[in-house]
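The values are calculated or read from the model by the stated rules, or taken from the named source; none is laboratory data. Because the structure is predicted, anything quoted here is derived from the model rather than measured. Neighbour counts are summed over all protein chains in view; Cβ atoms, including those assigned to glycine, are modelled from backbone coordinates with ideal geometry. These accessible areas exclude ligands, DNA and RNA; they are computed on the full protein's heavy atoms, side chains included. Shrake-Rupley method; radii C 1.70, N 1.55, O 1.52, S 1.80 Å.
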Amino acid sequence: MAYGDNVDPKNRVVAIVLVGLFTAVLGYGLVNGLNISIVKKIAEKLDVVDVEEPPPPEEPPPPPPPDNKLPPPPPVVTPPSPIPPPVTTNVIQSVPKAPPAPPPPIYVPPAPPAPPVRDLSAPASPRGNPGRWAGTDDYPARAMREGREGTTGFRVTVNAEGRVASCDITSSSGHPDLDAETCKLITRRGRFTPSKDREGNPTTGSYSNRIRWQIPE
């Protein structure tokens, strides 16, 4: 049977009325700032019935560990190293590119040989008979009186117009007057076809010959 069934109903009503009065007084004291000691005294006068609650059931003890089995050792905690770990950086190595392949050689055919150039060069040549440039009538009078004879060799320079530009004695007759007369007559009477270069254009050239001085019988 419960504890509350043994309490007298009158006492229960009284207790309820007392609790209500205590609550009202306590509220009034809190509102009006009553001293806490007064509240304590009033609370001591109240006849309050404490109802004891049964204690909670005790928990069964844990089962004992099996024989010959030790508890697991505590985990090993490694203290942190004071030296910081090395910082690794990714090193990117550039791979050299292979040089481009050289282009294939371009075959260039050899140039065709130039056509042979026609050589039109030609030496200077006299116009007419050179034997008529100096005759018996041209014989120096003194050399004729003295009976001097001989052969004079000469060489003349002929310009592009075919005229004698200069005269040189290449071999003397032995008589200066005969040699001088030879160049004088050739320069005055000599007419030439001028020399030609490889392309056939007139150019300066030379001409060589001899004149024999002989007294007619």
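Just a few scattered comments:
- Protein heavy-atom surface of segment 107-217, 1.4 angstrom probe: 50% of the accessible area is carbon and sulfur, with nucleic acids and ligands not counted.
- Relative packing of 145-152, 105-112, which averages over residues the other C-beta atoms within 10 Å, highest first: 145-152, 105-112
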